[in-house]
1. Of these, 263, 253, which one is open to solvent by 20 Å² or more (accessible area, probe 1.4 Å), under 23 Å from residue 206 (Cβ atoms) and part of a helix (DSSP H, G or I)?
2. Give me the pairs, please: first residue somewhere in the stretch 72-96 and farther than 16 Å from residue 54 by Cα, second residue anywhere and open to solvent by 70 Å² or more (accessible area, probe 1.4 Å) and aromatic (Phe, Trp, Tyr), beta-carbon distance under 8 Å, and either six or more positions apart or on two chains.
3. Name the residue that is nearest to the chain's Cα centre (by Cα), counting only residues in the stretch 4-22 that are surrounded by fewer than 15 Cβ atoms within 10 Å (Cβ to Cβ) and of a type in the set (Gly, Ala, Ser).
4. Tell me the residue from 213, 173, 207 that is aliphatic (A, V, I, L, M), modelled with pLDDT under 85, part of a helix (DSSP H, G or I) and loosely packed, with under 14 Cβ neighbours inside 10 Å, please.
5. I'm told residue 246 meets every condition in (1) open to solvent by less than 50 Å² (accessible area, probe 1.4 Å); (2) in contact (Cβ under 8 Å) with a residue 12 or more places away in the chain; (3) within 23 Å of residue 280 (Cα to Cα) except one. Can you identify the failing condition by its number?
6. Taking the stretch 184-204, which residues are open to solvent by less than 70 Å² (accessible area, probe 1.4 Å) and β-branched (Val, Ile, Thr)?
7. I need the full set of residues from the stretch 266-284 which are part of a helix (DSSP H, G or I), in contact (Cβ under 8 Å) with a residue 24 or more places away in the chain and open to solvent by less than 20 Å² (accessible area, probe 1.4 Å), in order please.
Amino acid sequence: ATAAMMFPIGLSIVSHLSTQPIARQPRFRRFATTLMLITAFGASIGGMATPIGTPPNLIGVGMLRELVGAPVSFFRWMVMGVPISLALYITLAAGFWLVGARGLQLPEGTAGVVQRELDRLGPVGRGERHVMIAFFITVLLWVLPGLLSLAGLRESAFGRAYEASMPEAAAALTGAILLFVLPVDWRQRRFTLSWAEAVRIDWGTVLLFGGGLALGSLTFSTGLAASIGSAVTHWVPTHSALPFTILFTCFAALLSELTSNTASASLVVPGAIAVSRAAGIDPIVPALGAT
């Protein structure tokens, strides 16, 4: 979804610059290609920062909770995911500049053109404000347990009551409900999100996510996971977390080149958990590496 939104923005930049003298520079074609590719790479990198950034994150968190009994909170994931995403972003930006932007000079007056386009868009509308409100409320509900932990209040009466009454799924539903009830035009009964728009959401991803969790649970309940775990541990030279993390991370990366990331996580994460258990090591790190 992020790439789909960013691609036309990048394309409009390239279209505008192609009419300027910069288009005659030898590196411009490479710059245009790299600008389009960076949207895809950037979306993949940003997807690692939060549990909801991409479906494999939800699958990994769900399997760790269901199969290992190790819940990974929204805030705890961000403590790990945000630094990784920032480091990869710096690498991507540096590579983008070296390959596609170094030596190019933007035409004079570019800032003025951008400002005129912004002015043409006009002020932020009521629907846009409502989406921002719902978004920030949802994120606040997700990260509040982590903030309470930092403040030493997670075990307080309020902290325990909040975690019991507002799990992460309820926080997400709260944001969704807000979109349905915040009005854009009350007289015409128009709200921020209509059901006609909601039915166009890719609900197949949700079914794929649920199917992945079911597949992971079945590999354990049928004994398949234990068999795979015993077989793999025989040919791994040492029983520590590092080789298993490398093994399943590489395997997940290779498998995701042939099938979707969501399907790969559904297949690899249960195996990582099973093999780690058979080897007597903590399965969290290998499972997160595969995720």
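The values are calculated or read from the model by the stated rules, or taken from the named source; none is laboratory data. Here the structure is a predicted model, which means the values were calculated and not measured. Note that we place each Cβ from the backbone using ideal geometry, even for glycine, and neighbour counts take in every protein chain shown. To get the accessible areas, we keep the full protein, side chains included, count just its heavy atoms, and leave off ligands, DNA and RNA. Shrake-Rupley method; radii C 1.70, N 1.55, O 1.52, S 1.80 Å.
1. Working: 253 fails: under 23 Å from residue 206 (Cβ atoms).
Selected residue: 263, the only one of 263, 253 that is open to solvent by 20 Å² or more (accessible area, probe 1.4 Å), under 23 Å from residue 206 (Cβ atoms) and part of a helix (DSSP H, G or I).
2. These pairs meet every condition: 92/41.
3. Checked the stretch 4-22; the qualifying residue nearest to the chain's Cα centre (by Cα) is 4.
4. Details: 213 fails: loosely packed, with under 14 Cβ neighbours inside 10 Å; 173 fails: modelled with pLDDT under 85.
On inspection, the qualifying residue turns out to be 207.
5. All conditions are met except number (1).
6. Listed by number, the residues that qualify are 184, 192.
7. Narrowing the stretch 266-284 to residues part of a helix (DSSP H, G or I): 266-279, 284.
Narrowing further to those that are in contact (Cβ under 8 Å) with a residue 24 or more places away in the chain: 266-267, 269-279, 284.
Scanning the stretch 266-284 gives 266, 269, 270, 271, 272, 273, 274, 275, 276, 279.
Table: residues versus (1) more than 28 Å from residue 210 (Cα to Cα); (2) free of Cβ contacts under 8 Å to residues at least 60 places away in the same chain.
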site: 12; (1), (2): yes, yes
site: 16; (1), (2): yes, no
site: 23; (1), (2): yes, yes
site: 30; (1), (2): yes, no
site: 35; (1), (2): yes, no
site: 44; (1), (2): no, yes
site: 53; (1), (2): no, yes
site: 56; (1), (2): no, no
